[in-house]
Each structure stands twice: as structure tokens, then as C-alpha cells.
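Written out below as C-alpha cells is the structure these notes cover.
The values are calculated or read from the model by the stated rules, or taken from the named source; none is laboratory data. For clarity, every value in this text was computed on a predicted model and none was experimentally measured. Here Cβ is always computed from backbone atoms with ideal geometry, including for glycine, and neighbour counts include all displayed protein chains. These area figures cover heavy atoms from the full protein model, side chains too; ligands, DNA and RNA do not enter into them. Shrake-Rupley method; radii C 1.70, N 1.55, O 1.52, S 1.80 Å.
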Amino acid sequence: MTSDILKPNSSPLIIAGPCSAESRSQVLETGRLLAASGIKIFRAGVWKPRTRPGGFEGHGAEALKWLKEVRETFGMLTATEVGTAAHAEQAIEEGVDILWIGARTTASPFAVQEIADALRGTDYPILVKNPVCADLELWTGAIERLQNAGLSRIGMIHRGFKTYGDPIFRNSPHWEIAEAMRTRFPGMTMLCDPSHMGGSRELIAPISTRALRTGYHGLIIESHCNPAQALTDGAQQITPEALSSMLLTITAN
Ligand code: PEP
Ligand code: MN
């Protein structure tokens, strides 16, 4: 299974879990509920790239142990964000199955190159989120840096682009940019992140429906056992129970 982990398949690839790993109990409880509803890949950020200082920045390497427990207890695969070479090395060391590069990091060629160099020779599965700004070339360049380091198990995540004053979306979709990426990298897995795109739990279902109907290979969705208590991105997280019924609805139609 692990070698095909990001391969497009007939059923959508679903990754779900909290924005941030906040505590051992929050991680394990969310993992338990998601596993019970059939989710196979658990996401959680352990190093949180905050736009401004002062907020919760994650528990770092300590939280990787909680992800390992989710893996061992519920048989899920795990995914986390890496922003530096050291993050990538620590995540691999603790057995994280899939890495992702976040939107702020994709916008930094130095950081991406450093991560690519750290992964050279591993062929680790890695997902690349679009950069915060609507720049097709930066997104492309990040993927090329990983490919040049010999990685082949690469996927893309479309999470929308920061624009000023969008009345609906936290990050404007610009679907055409993701479409252009799919043309540039035919066959490469493309996921949609409706949580960061919409910024609110009400928008998760319509955005997910739109993405799956237009051929995206799957979704990465933020899900928290108690969204009201979330330390980051509370408004755009849904409970595992709500996620499960939403997925049933949107995949049945
Ligand atoms: C995240 O997935 O929690 C995250 C920080 O996302 P993005 O890089 O899309 O802002
Ligand atoms: Mn988040």
C-alpha cells in the first residue's frame, strides 16, 4: 500500500485530521473517531507556520510521537507539514508516512530546495500545496525541485490563493491555476483543501463537491474532535462525525 499511497485511484483519496496536533488526547481522540468512520490517512500539523508571531506554533517533535501512536493504534497512515530540512528528517525518523510542504514554504525556493536536498535518495511521498500567492511558476518550481532531487511520489494540493477582500473565500480558488498545473503535470495526483480555501466549515461540502466533480483525485480536510476548542483554524474544522456524513453525501451524488 505504501508505495501507491499517492497514486490516483477510482475512489477519492481522503486525508483528514486536525489543523494542529494540540495534545496527545486531542490527537488520539480525533484519530479514533476518524478511523471509526473509515478514514485511512491522518493529518496534523506539528510545526505551525503562523503568519504573525504570538499564536500557537505547535508542539514540534514531541507531537510526532502522538502521530506514531495514531499509526500504531488505529492502523492509519500519517501526514504532517515540513518547512525545513530538519523537520523532514525528524518526521521521517518518527515514521510519518507522507510529508507536505505548506503554502508559505512553497513560496520560498530556498526552503523548498533545502527540503528537496534532505529528501534526495528517499523517494518519500510528498504533497506540495500551492503557494500563498497566485503564481503558477512558483508552484511548478517547487515540484521541479523535488523531481530534480529524484523524488517521484509527488502530489499537489490546491488550497486557494490569498487575495485582498474576497467576500466568500479565505483563499480565492482560481480554479484555472490548478487546472494549468494538471496540464503541466499530467497524471500527478491533485487534491483540494476545502478547509483553507473556504475558511469556514459550511464551505467544505460545496468546495469538495466542485473539486471531485472536476476530476480532483481527493481531498485534505481539517477535522477536530472539538472544533470550538481548536487552537488554530477552528472555524474551518469539522467533527469526524460531520465529515463522515458529508463524504457520504457528496460521494453518493
Ligand atoms: C495546514 O494545512 O494546516 C496549513 C498551515 O495550510 P496552508 O499551508 O495551506 O496554509
Ligand atoms: Mn490549518
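Annotations
- Counting only residues at least eight positions apart within a chain, or on another chain, the lysines with an alpha carbon under 26 Å from that of LYS65 are LYS40, LYS48, LYS129.
- When all protein chains stay in place and ligands, DNA and RNA are ignored, the 1.4 Å accessible-area order of LYS129, LYS7, largest first, is LYS7, LYS129.
- Take each peptide in 174-184, 200-210, count the other Cβ atoms within 10 Å of every residue, and average; sorted highest first, the result is 200-210, 174-184.
- Computed from point charges on the beta carbon alone (+1 for Lys and Arg, -1 for Asp and Glu), the dipole magnitude for the chain about its Cα centre is near 360 Debye.
- Accessible surface for the stretch 1-119, divided over its residues, is 43 Å² per residue with a 1.4 Å probe.
- Protein accessible area in the stretch 199-253, 1.4 Å probe - carbon and sulfur %: 55 percent
- Inter-label distance, nm, simple model (7 Å from Cα along the C-beta direction), GLU57/ASP135: 2.4 nm
- The stretch 78-198: C-alpha gyration tensor shape, a/c 1.5 cut-off, then a/b vs b/c: prolate
- Per residue solvent-accessible surface (Å²) - the stretch 134-253, probe of 1.4 Å: 42 Å²
- Take 55-61, 190-196 and order them by the average number of nearby Cβ atoms within 10 Å per residue, most first; the result is 190-196, 55-61.
- Count Lys and Arg as plus one, Asp and Glu as minus one, and take only other residues whose Cβ is under 15 Å from that of ALA36; the net charge is then 0.
- Heavy-atom accessible surface of the stretch 1-134: percent carbon and sulfur, 1.4 Å: 52 percent
- Helix-only CD estimate at 222 nm, as mean residue ellipticity for the chain, using -39500 (n - 2.57) per DSSP H run (n ≥ 4): -12000 deg cm²/dmol
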